[in-house]
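All of the numbers you see were taken from the coordinates with simple rules; none came from a lab. Owing to the predicted nature of the structure, the values given are computational and were not obtained by experimental measurement. Virtual Cβ from ideal backbone geometry, glycine too; neighbours counted across all protein chains shown.
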Amino acid sequence: MKVPTRSPTHEDVDMRRLASMGLELEEIAVDDAVALPAMIELAEDRGRPVSHYLAAVPLATELRVDAGTAPLAIKVCAGTCQRYGALDLMDHLVEKWGAAKTFAIVPVTCLDRCDQGPACEVHGSHGQLVLAPATTASLDEALAELA
Ligand code: FES
């Protein structure tokens, strides 16, 4: 697998921790989907960042995040892109989501742009916008334009 040429800036979440978070998520899932408000509440209860639970969904479960009826879906790579700041992007999106709810957050294991991580894709009626490497600023810009 290709990785960015720059050095990792972040550590990824330990796989055993992801596995135990996956079990917690299974408890709150309904029809294999986890509603984001329930996940946020769980993360607050456990004192962990929501991003860790978001990453656990594709990495440690067969579940998905309930996308609801939002017109935009933002796929965020939770794989090796974690080492390049993907979790920060997810926490940023969770904050923005709380205010607007105009998009769904879809964590995935890989977006096939591992050498340009952290990778995101914004899907909607415009088609697909690739942000790689994505930043909180580029996500804000995309949302301001598309949401
Ligand atoms: S690990 Fe492949 S795009 Fe993130």
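For the charge dipole of region 15-146, defined by +1 on Lys and Arg C-beta atoms and -1 on Asp and Glu C-beta atoms about the Cα centroid, which residue among 134, 70, 23 has the Cα displaced farthest towards the positive pole?
Value computed over the given set: 134.
For a distance above 18 Å, tell me the whole-number percent of Cα pairs in the chain that qualify.
Cα-Cα pairs of the chain separated by over 18 Å account for 52 percent.
Each residue of region 50-64 in order: what ³J(HN,Hα) in whole Hz does its phi give by Karplus 6.51 cos²θ - 1.76 cosθ + 1.60, θ = phi - 60°, with x for Gly and Pro?
Result, rounded to whole Hz: 4, 4, 5, 5, 4, 5, 5, 4, x, 7, 10, 9, 9, 8, 9.
Rg and Dmax of region 48-103 over Cα atoms: what are they, in angstrom?
11.2, 31
Explain nothing, just compute: Karplus ³J(HN,Hα) = 6.51 cos²θ - 1.76 cosθ + 1.60, θ = phi - 60°, for every residue of region 65-78 in order, whole Hz, x for Gly and Pro.
Whole-Hz 3J(HN,Hα) from phi for region 65-78: 7, 4, 7, x, 10, 4, x, 10, 10, 10, 7, 10, 6, 10.
May I ask you to list the residues of region 95-111 whose amide nitrogen lies under 17 Å from a point 7 Å from Cα along the Cα→beta-carbon direction of residue 41?
Taking a point 7 Å out along Cα→Cβ of residue 41, the residues of region 95-111 whose backbone N falls under 17 Å are 98.
Could you give the length gained by full extension between residue 130 and residue 110, i.e. 0.36 nm per residue of separation minus their alpha carbon distance, to one decimal place? Working shown, then result.
Numbers: separation 20, 0.36 × 20 = 7.20 nm, distance 1.31 nm.
Value of the extension gain: 5.9 nm.
Along Cα→Cβ, 7 Å out, is where each label goes; now give me the distance between the ones at residue 2 and residue 144 in nm to one decimal.
With each label placed 7 Å out from Cα toward Cβ, I get 3.0 nm.
Which lysines, if any, have their Cα less than 20 Å from the Cα of residue 2, not counting same-chain residues under 8 positions apart?
In chain and number order, the partners are 75.
Give me the extension gain from residue 69 to residue 101: residue separation times 0.36 nm, minus the current Cα-Cα distance, reported in nm with one decimal.
10.6 nm
How would you rank 64, 46, 113, 16, going from fewest to most other Cβ atoms within 10 Å of each one's own Cβ? Numbers along the way, then the final one.
Values: 64 17, 46 12, 113 20, 16 9.
The order, fewest Cβ neighbours first, is 16, 46, 64, 113.
Taking neighbour Cβ counts within 10 Å as the exposure measure, how do 84, 53 sort from fewest upward?
The order, fewest Cβ neighbours first, is 84, 53.
By counting other Cβ atoms within 10 Å of each Cβ, how are 3, 76 ranked from fewest to most? All intermediate terms of the calculation are to be shown ahead of the outcome.
Working: 3 15, 76 26.
In increasing order of surrounding Cβ atoms, one gets 3, 76.
Name the residues whose placed amide hydrogens come within less than 5 Å of the amide hydrogen of residue 65, ignoring near sequence neighbours (fewer than 5 apart) on the same chain.
Amide H neighbours of residue 65: 34.
Quick one: Cα centre-to-centre distance for region 4-21 and region 79-147, in angstrom?
17
Residue by residue, what Karplus-based ³J(HN,Hα) values in Hz, rounded to whole numbers, does region 114-129 have, using 6.51, -1.76 and 1.60 with θ = phi - 60° and x for Gly and Pro?
Working through the residues one at a time gives 4, 7, 10, x, x, 9, 9, 9, 9, 9, x, 5, 6, x, 10, 10 Hz.
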